[in-house]
Amino acid sequence: MQDQYGIESAWLPNGVDVQACDDAVAARFCRRWKIAPGFVLWVGRMDPVKNPAEFVRLASTLSGIQFVMVGGVTKRDIEQELKLPVPHNLRLLPALPHPRTLDALAAAAVVVVTSFKEGLPTLVLEAMTLQKQLVVPDEPGCLDATDGDLHALIYHHGNMQELMEVVCRSMAEPVCRQSARSRILTQFDWRIVAAQLDRVYQGQNP
């Protein structure tokens, strides 16, 4: 902005409530919904931009793995709007309060994002805070969060073979994502972002 328009600007990212993530309890989610830990998770709503159809197709392809959708996508949505069959290994859950969604993230083996477009997705940042195996599309908002392929496996929209391969790789070869959490703690923790906001409001350089 300074170079192009002569306007001073500062970039401040979304913040993540790290403490809320750390308070998540995987067992609480599994008990409540009677789901074994270690599933593949998608969180979103019935919105074309969120691209739920890609996740449903993925579940159909990997029939031996448990898949869970949180956010209120229904059997009717899948059958009538997406024109897809509902796989037997796909569990559909309603929209949950934020702490319970974090429980779901804690219980998942792999978190998959299929969105066509994101800003700086909080879900991705929260999954990174919890050091989860993460699969995201080659979409700018997701790639900003994950610093390219440093903290997630990347696939190209519509390439079901590639998506299936990276999910299977994440399940078979779990990796400690401590570096992803470190990225959150140094750049996206709300305590850091709030301090930056305070400096901006005080007329200081963030």
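Counting protein heavy atoms only, the chain has 52 percent of its accessible area on carbon and sulfur, 1.4 angstrom probe. If you take all other residues with their beta carbon under 15 Å from the beta carbon of residue 165, and give Lys and Arg +1 and Asp and Glu -1, the sum is -3. Annotation: Cα Rg of the chain relative to the compact-globule expectation 2.2 N^0.38 Å equals 1.08.
With the whole protein complex present, residue 190 retains an accessible surface near 120 Å², based on a 1.4 Å probe. Legend: residues 34, 50, 83, 75, sorted from most to least accessible area (1.4 Å probe; ligands, DNA and RNA excluded), read 34, 83, 75, 50.
By its C-alpha gyration tensor, with a ≥ b ≥ c as the square roots of the eigenvalues, how is the range 115-172 shaped: rounded for a/c under 1.5, else prolate for a/b larger than b/c, else oblate? Here the range 115-172 falls in the oblate category. Using C-alpha pairs under 8 Å with a sequence gap of at least 6, the mean separation divided by the residue count of the chain gives a relative contact order of 24 percent. Surface calculation, 1.4 Å probe, protein heavy atoms: residue 189 sits at approximately 10 Å² accessible. A straight Cα-to-Cα reach below 29 Å connects residue 117 with the lysines 50, 75, 83, 132, residues fewer than 8 places away in its own chain not being considered. Solvent-accessible surface of the chain, averaged per residue with a 1.4 angstrom probe and all protein chains in place: 51 square angstrom.
The values are calculated or read from the model by the stated rules, or taken from the named source; none is laboratory data. Since the model is a prediction, treat every value here as computed from it, not as a measurement. In this analysis, Cβ positions are derived from the backbone assuming ideal geometry, glycine residues included, and neighbour counts consider all displayed protein chains. Surface accessibility is based on the protein's heavy atoms, side chains included, excluding ligands, DNA and RNA. Shrake-Rupley method; radii C 1.70, N 1.55, O 1.52, S 1.80 Å.
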